[in-house]
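*Asks:* After the C-alpha cells below, expect a handful of questions from me.
The values are calculated or read from the model by the stated rules, or taken from the named source; none is laboratory data. Note that the coordinates shown come from a computational prediction; the quantities given were computed from them, not determined experimentally. Quick reminder, even Gly has a Cβ in these numbers, built from the backbone with ideal geometry, and neighbours come from all protein chains shown.
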C-alpha cells in the first residue's frame, strides 16, 4: 500500500499537524522494512517534528532496537538535539549500548566513502611513545630512526650526561625506521599537566603503543607509573585491544634491571590481559645506543606487529590516500610557515585541484573525507564552527599550541597565572609568534579547552590548581526541609580510570550548557538553576564523580531535571574523552548528604533494585541506618504523591499515536506533557500500584494540544 501511494505521488516527507513524517510513525512502531522503503524513496532521516524530535529520537524513546540501527546506518545524527536540548542517545542509559550506537554512527562515513571512491591499503602505522617525564622517550625515538651507518657515530658521540630537553605537548612526525618502514610517530610528553590534551590523540586505528619507564625508579614507583599509562591507554580506546610494548630505560645504570623489568611485565600482563595486547618480550634499553641487542629486538618486534596490523588493516578511501600525499606540500605552499591552517574554502579548492574537478568533488563528500582523515590523525578537522577549519599539520597544534597552553610553570613559555582567569591579552602575548589570536582562541574553544563569558576573559579548566574549599558547600538554614539526593559514577575496576581530559571537559560543558555561570575548582563544580544547587565533586583518588542536587525550597521536580541534565553531560563527555572506561552507577545516600558528612556514601544499583522488588527500604552497612529508595532517587514524595503512588519522575520522550487503550504504571512518573506524549489517544489509563494509587484514570477524549497531565 505504501509503495502504491508513493507511486501515485504521495510525498514521503509530508507532515501532520504535530510535524511528524511517515518515518516518525514507523520509527515509533519499529517497522524497519517500512522505514527502509521510505528512505529509499527519499524520506529525510533528519526531519523534525514541532518539538525538534527526529525519527531517531522516536525510535530510541520507544525502544525499537532494529530500526534505531537502521536509521543510524542511513545517516541519522545521534547528536541531533530537540528543542529541550536532548539528543537521541540521552535516552540510552546502558553504557555499552550507547557506545555501540556511537561507534556505529562513526562507521557510516567510512562505508559511504568506500562506496563512492573505492579504497587502497597504506603501508604504515602509528607509533605512540608514552611514559613519565625523563624516561627517555625522545631519545628512543631518535635511536629508532637512526640507520646503521649513522648509528656507528651516534653510539660513540652521544654524551653520557646529555641534558634533558622536555617535549612540549605531543611531537608528531612521519619517519622511516630502518627495517620497519614508514611510521607516524607520536611522542607524548610525560609531564602530568599535558595529559589533559593527550586523550584527544590516543584512539587512532592501526596503532602500537610503547610505554617507557625508568628501571632506576624504585619498584613501587615503576608499577605506579606503568599502571597509570596502561589505564590511560585503555581509557582512550574502545574498539579493540591495543598493542602495547613495555620498555625499561637506563639499562646502563644497573646490572639487575632485567629481573625488575620481567616482574613489571608479568604483573601488568596479568592485570590487563582482557584489555590490552601486551607483548611478552622483556626490553631493557640504554635509549642512546642504537646498535644494542635489545634495540634490534625492539625493531624486529615492531616489524612483526606491523605485519599483523596490516594484514587486518582496513583499506582507506582513495581520495584520503591522495590527500595524505599532498598535506606537506599544501602546508608549505598554501599556508603561513607559522600557522599550517586552511579555511574551508581554501582546503576545498586544494582538494578539487587535486581531483581535477572529479565528479565526486561535492562539498559533502569532501567533508566526509576530511572527517575520516581526522579520525586517522592525518589532519585535524574542526567542523563545528560556521566555516570549517582544517589543520594540515597536527604537530603544530599539539606542540606549538597545546605545548604552550598546558606547559608547566618551569617551561620557558606557558600560559599559567596565579589567577583562574586568563585574559585575551595574556593569550596574545604567549602566542604572538604563532598565529592570529582570534583563530587560536577559536581552536582552543572548539577543542573544549576553555570558555569565555565575555570574549575577553577565558577560563581553562585544565589549568585550575585550587581544590574546592569546604566552605563552598555548607548546610542550608533548615536542612530538614531541604531536598537532597544524587548519583555517583565510579570506575568499575583497577584497570579503569577517567582520562585526564575528562573532568576539565565536563567543566567546559557546564560553562557552555548551563544558564547560570558555575563555580569551578580543580576537583569540583557548583552549579545553580532557579532554586536548585548542585555539586559535582571528583573523589580524591580521581576514580569517582559524585553529583549532588539540593533545593532549600523543596523543589523536587527542578532538582530531578538538574540531576538528569548533569548526568547527560557526564555521560556524553565520558563517551568522548574516556570511551574505554567502564563505569558503574551508584545512588548517593540522601541522609548522608543532608548531614554533610565528609565522605560520600552510596548504594549499588543491585541494592536499589532489590529494595524496589521488596519493601522499598535499603540499609547501609557502614552508616548503620536505612533509607527509603524514593528519598534516594527522587528526593522523597509529598503526601499527594504517596496517595497516588507516583514518584514525580518525568517520563521522557514517550510517544503514543492513536493506538486505543494505553496503560502506564503511575509509579514510573508523574508529569506527562500530553502535547508530546498522547496524540490521538482514545483512552489513557493510569494504573494504581502497591502504594494505593488512584486505580484507573481514564481520558475518553483526545487530549488538547498543550495540555499537561500531572500526578502531583
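*Asks:* So, of the residues in the range 109-122 that are assigned to a helix (DSSP H, G or I) and touching a residue at least 12 places away in the same chain (Cβ under 8 Å), which turns out to be farthest from residue 57 (Cα to Cα)?
*Replies:* 117
*Asks:* Within the bounds of the range 578-590, is there any residue that is in a helix (DSSP H, G or I), over 16 Å from the mean Cα position of the chain (by Cα) and at pLDDT 95 or above?
*Replies:* Checked the range 578-590: at least one residue is in a helix (DSSP H, G or I), over 16 Å from the mean Cα position of the chain (by Cα) and at pLDDT 95 or above.
*Asks:* Could you check the range 180-288 for strands (runs of 3 or more DSSP E) lying wholly inside it with 1 or more residues that are over 27 Å from the mean Cα position of the chain (by Cα), on the phi > 0 side of the Ramachandran plot and surrounded by fewer than 20 Cβ atoms within 10 Å (Cβ to Cβ)?
*Replies:* The strands (runs of 3 or more DSSP E) meeting that bar are 181-188.
*Asks:* Can you tell which of 415, 440, 449 is part of a helix (DSSP H, G or I) and closer than 17 Å to residue 508 by Cβ?
*Replies:* Working: 415 fails: part of a helix (DSSP H, G or I); 449 fails: part of a helix (DSSP H, G or I).
Testing whether each residue is part of a helix (DSSP H, G or I) and closer than 17 Å to residue 508 by Cβ leaves just 440.
*Asks:* Hey, can you tell me all the residues within the range 457-496 that are touching a strand residue (DSSP E or B) at 6+ places or on another chain (Cβ under 7 Å) and in a helix (DSSP H, G or I)?
*Replies:* Listed by number, the residues that qualify are 461, 472.
*Asks:* I'd like to check which helices (runs of 4 or more DSSP H) are fully inside the range 27-108 and have at least 1 residues that are closer than 24 Å to residue 513 by Cα, more than 20 Å from the chain's Cα centre (by Cα) and without any contact (Cβ under 8 Å) to a residue 40 or more places away in the chain.
*Replies:* On the way: elements: 32-40, 55-61, 65-73.
Answer list for the range 27-108: 55-61.
*Asks:* Something else about it: Scanning for something in a strand (DSSP E or B) and at pLDDT 95 or above, does the range 497-519 turn up at least one residue?
*Replies:* First, pick out the residues of the range 497-519 that are in a strand (DSSP E or B): 519.
From the residues that got through so far, the ones that are at pLDDT 95 or above too are 519.
Checking the range 497-519: at least one residue is in a strand (DSSP E or B) and at pLDDT 95 or above.
*Asks:* Can we say residue 302 is surrounded by 14 or more Cβ atoms within 10 Å (Cβ to Cβ), under 31 Å from the mean Cα position of the chain (by Cα), at pLDDT 95 or above and closer than 29 Å to residue 119 by Cα? Walk me through how you get there before you give the answer.
*Replies:* Numbers: surrounded by 14 or more Cβ atoms within 10 Å (Cβ to Cβ): yes; under 31 Å from the mean Cα position of the chain (by Cα): yes; at pLDDT 95 or above: yes; closer than 29 Å to residue 119 by Cα: yes.
Against the criterion (surrounded by 14 or more Cβ atoms within 10 Å (Cβ to Cβ), under 31 Å from the mean Cα position of the chain (by Cα), at pLDDT 95 or above and closer than 29 Å to residue 119 by Cα), residue 302 qualifies.
*Asks:* Ok, one more. I need the full set of residues from the range 613-623 which are exposed (fewer than 14 other Cβ atoms within 10 Å of the Cβ) and closer than 25 Å to residue 491 by Cα, in order please.
*Replies:* Taking the range 613-623 first, the residues exposed (fewer than 14 other Cβ atoms within 10 Å of the Cβ) are 613-615, 617, 619, 621-622.
619, 621, 622 - these are the residues of the range 613-623 that are exposed (fewer than 14 other Cβ atoms within 10 Å of the Cβ) and closer than 25 Å to residue 491 by Cα.
*Asks:* With the requirement that a residue be out of contact with any strand residue (DSSP E or B) (no Cβ under 6 Å at 6 or more places or on another chain) and over 19 Å from residue 174 (Cβ atoms), what does the range 294-306 give you?
*Replies:* 295, 296, 297, 300, 301, 304
*Asks:* Does residue 428 satisfy the condition of being closer than 29 Å to residue 519 by Cβ and either loosely packed, with under 13 Cβ neighbours inside 10 Å or within 24 Å of the chain's Cα centre (by Cα) (or both)?
*Replies:* So residue 428 fails the test.
For every residue, the table says whether it meets (1) surrounded by 21 or more Cβ atoms within 10 Å (Cβ to Cβ); (2) at pLDDT 95 or above; (3) closer than 21 Å to residue 186 by Cα.
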site: 292; (1), (2), (3): no, no, no
site: 311; (1), (2), (3): no, no, no
site: 319; (1), (2), (3): yes, no, no
site: 335; (1), (2), (3): no, no, no
site: 343; (1), (2), (3): no, no, no
site: 362; (1), (2), (3): no, no, no
site: 367; (1), (2), (3): no, no, no
site: 387; (1), (2), (3): no, no, no
site: 396; (1), (2), (3): yes, no, yes
